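Visitor: Got a structure for you, written out below as structure tokens; questions coming shortly.
The values are calculated or read from the model by the stated rules, or taken from the named source; none is laboratory data. All of these numbers come straight from a predicted model, not from anything done at the bench. Here the Cβ positions follow ideal geometry from the backbone for every residue, glycine too, while neighbour counts run over all protein chains shown. What goes into the accessible areas is simple: the full protein's heavy atoms, side chains included, and nothing from ligands, DNA or RNA. Shrake-Rupley method; radii C 1.70, N 1.55, O 1.52, S 1.80 Å.
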Amino acid sequence: MLTFRTTTPEETISLGYKIGERLKKGDVIAMQGTLAAGKTTITKGIAQALNISDTITSPTFCLISEYYGKMPLYHMDVYRLDGGEDFVNLGTDDMIYGDGVSIIEWSEKIMDELPKKTIILKITPQEDGSRIIQIENWQNDPIPEN
């Protein structure tokens, strides 16, 4: 497991950028964390690394946002879904097994539907405003600390 600490939104975006630079087509990131943990913030950095110029917002009400840069980014929020069956019924297989990168917020609800190679990214806000970001199942190039 990789563990990082960020103290500002800018540092969280920067870590997202470093992650995004190392992602490959077909990578799936299962994001986990409380409301306002920083899931969308780190996604902004990943999108920058993929040369996506669109403004990244939380896909809570539209469920899936698609962005295009050097490869597609599928940003999903499954908070309002009842479980794995709802997720599959959205037609997500083409995305998570496609040529882009998929980021799934609130992924705890649908982990059984995700590939075994899914990267798990947990964000835990701390009392001092910083974030502890843990990454499990990372098999891409190493992420530098600074």
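Visitor: How big is the convex hull of the Cα atoms of the stretch 1-68, per residue, in Å³?
Guide: 109
Visitor: Now a separate question. What full-extension length gain, to one decimal in nm, is calculated for Ile143 and Asn51 as 0.36 nm per residue of separation minus the Cα-Cα distance?
Guide: 31.3 nm
Visitor: Another question, if that's okay. Give me the extension gain from Gln126 to Lys24: residue separation times 0.36 nm, minus the current Cα-Cα distance, reported in nm with one decimal.
Guide: In short, 33.7 nm is gained.
Visitor: Taking Cα atoms of the chain, Rg/Rh with Kirkwood Rh, to two decimals?
Guide: Rounded to two decimals, Rg/Rh equals 0.93.
Visitor: Of the beta bridges DSSP finds with both residues in the stretch 37-143, what % are antiparallel, to the nearest 5?
Guide: So the antiparallel bridges amount to about 70 percent of the total.
Visitor: Hey, what's the chain come to in accessible area per residue, 1.4 Å probe, Å²? Write out the running numbers ahead of the final one.
Guide: Working: 7480 Å² over 146 residues.
Computed with neighbouring chains in place, this is 51 Å² per residue.
Visitor: So, with a 1.4 angstrom probe, what is the percent of accessible area on the stretch 91-133 that is carbon and sulfur?
Guide: C and S fraction of accessible area: 45 percent.
Visitor: Hey, another quick one. Mind listing the Cα extents of the stretch 63-146 along all three principal axes, in Å, largest one first?
Guide: Over the stretch 63-146, Cα extents along the principal axes are 39, 30, 24 Å.
Visitor: From the helices alone, meaning DSSP H stretches of at least four residues, give me the mean residue ellipticity at 222 nm for the chain, per-run term -39500 (n - 2.57), in deg cm²/dmol to the nearest 500.
Guide: -6500 deg cm²/dmol
Visitor: Going 7 Å from the Cα of Val88 in the Cα-to-Cβ direction, what parts of the stretch 109-128 have a backbone nitrogen less than 14 Å from that spot?
Guide: Taking a point 7 Å out along Cα→Cβ of Val88, the residues of the stretch 109-128 whose backbone N falls under 14 Å are 110-115.
Visitor: Please name which of Gln126, Met31, Thr3 has its Cα lying farthest along the dipole of the chain towards the positive end, using unit charges on Cβ (Lys, Arg +1; Asp, Glu -1) and the Cα centre as origin.
Guide: Thr3
Visitor: Test of understanding: extend the Cα→C-beta vector of Tyr97 to 7 Å, then name every residue of the stretch 104-146 with backbone N under 11 Å from that spot.
Guide: Counting only backbone N, you get 115.
Visitor: I've got another one for you. Please report, in whole Å, how far the alpha carbons of the stretch 21-104 spread along each principal axis, starting with the longest.
Guide: Result, largest extent first: 33, 28, 19 Å.
Visitor: Label-point separation (nm) for Lys116 and Ser58, each offset 7 Å from Cα along Cα-to-Cβ?
Guide: That separation, rounded to one decimal, is 3.5 nm.
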